[in-house]
1. Of all GluC sites (Glu not before Pro) in the stretch 55-108, which ones are in loop regions per DSSP and have a Cβ with at most 15 other Cβ atoms within 10 Å?
2. What is the fewest-to-most order of Glu249, Glu167 by other Cβ atoms lying within 10 Å of their Cβ?
3. Hey, can you rank 191-203, 342-354 by average C-beta count inside 10 Å, highest first?
4. Compute the distance in nm between two label points, each set 7 Å from the Cα along the Cα-to-Cβ direction, one at Glu31 and one at Asn110.
5. Which value, in Å³ per residue, describes the convex hull spanned by the Cα atoms of the stretch 1-84?
6. Going by how many other beta carbons lie within 10 Å of each one, how would you line up Val74, Val248, fewest first?
7. Rounded to whole Hz and in sequence order, give me ³J(HN,Hα) for the stretch 325-332 from the Karplus expression 6.51 cos²θ - 1.76 cosθ + 1.60, θ = phi - 60°, writing x for Gly and Pro.
8. Beyond 28 Å between alpha-carbons counts as too far, so tell me which of Lys170/Lys203; Lys252/Lys303; Lys115/Lys226 fall in that bin.
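We did not get these values from a lab; they are worked out from the coordinates using the rules stated. Bear in mind that the values here come from a model prediction, so they are computed numbers and not experimental data. Here the Cβ positions follow ideal geometry from the backbone for every residue, glycine too, while neighbour counts run over all protein chains shown.
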Amino acid sequence: MNTESYRDAFLEEAVENIGNLNRALLSFEKETGDLTPVNELFRAAHTLKGMSATMGYDRMAEFTHMLEEVLDHVRSGTLAAERPVIDTLFLSIDVLQEFVDTIRDSGVDNAAEAKNVIAKLKSLSGKEASAAAPHPGPDVPAPQKTAEQIPAEHTGDITVDRAVVEEAAKQGLKTYTITVNIARTCAFKAVRAFMISRNLSEKGEIVASEPPARDIEEGKFENVIKLGYVSGAAAADISAMVTRIAEVESAKVTEIKLQPPATAKEGAGYEDAAEERDKGTEAMAVDKKAAAVSQSVRVNVEKLDSMMNLVGELVITKIRLDQIMKTKDYDQLPAAAREFDRVIDELQIEVTDIRMLPVSHVFDRYPR
């Protein structure tokens, strides 16, 4: 697959997601008790990993995968957000920026500081592993089950943590299963899977997948993907987001509805387990991308239409001036000149308005 033609789009999205990482980490640094920014960090890192893997930038994809693992430990509560952890996350974002810079300059994903930061990330993961596996005493049996799962028959063979479904319901969100059928003739299944993930991430969050995310990213699946998805959108809108992608044949969206516990005893046991899980349960939040990038500007289509109308008026005025010159009807010249000046002035205002960037593009970097 020749990805060269997609490089500009990749760089644009990568810079935007790195900006999202910076903002979310700055927010988390101020209040480490709020896990909402961590979910935003994880979402942006996951998007970067999928994008870089699709483009063939394997070193960047592997680095982002390690970053993603540390973020997963933080949001699950098994790795405390202490100062060394925050510092390492900031260093990781700097390395990602270095990857993007070298890709822009040379087309190769390389970062001089990647090796050192990888060692720090592995060290943090090692700390998490030792802290997350305490040895139970003789009078305290090791737990056999850490989280209740929704039965497969209710989720289209997707295993979804019941706590996730309940947390989503508390926030007014719904949990769905999505079964996506990709055309068997599709040559680039991994690219289609990335596009599906990107579209869904705009309105919610993917919480489970079959096959596993790693296999989907590498294209190691037949033609069916099953996803667990949390969103406030309607099922029909979710289906439309997926099926508008080329070579996606169908998308079946089904809402997961929790069944009440069968007995009081089972209900009491579940409440105890849910209370423990609440400490590490992620908050479901739907973010809106609002970052501007250096090499491109997003333009409202209404402004483009306004510019098209002004260009049309400019052409008409030009024809009018040509006619005046041919007929030598110079009495009409002042009116035509005034009309020309008006159109040019309005066009200048529209172009300037489109080209101007939000000041956040400059000042967002200063807090670091």
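1. Listed in order of number, the matching sites are Glu82.
2. By the 10 Å Cβ count, ascending, the order reads Glu249, Glu167.
3. Ranking, from highest mean packing down: 191-203, 342-354.
4. 4.4
5. Per-residue hull volume (Cα only) is 82 Å³.
6. Fewest-to-most Cβ neighbours within 10 Å comes out as Val248, Val74.
7. Using θ = phi - 60°, the values come out as 5, 6, 8, 6, 8, 5, 5, 7 Hz.
8. Lys252/Lys303; Lys115/Lys226
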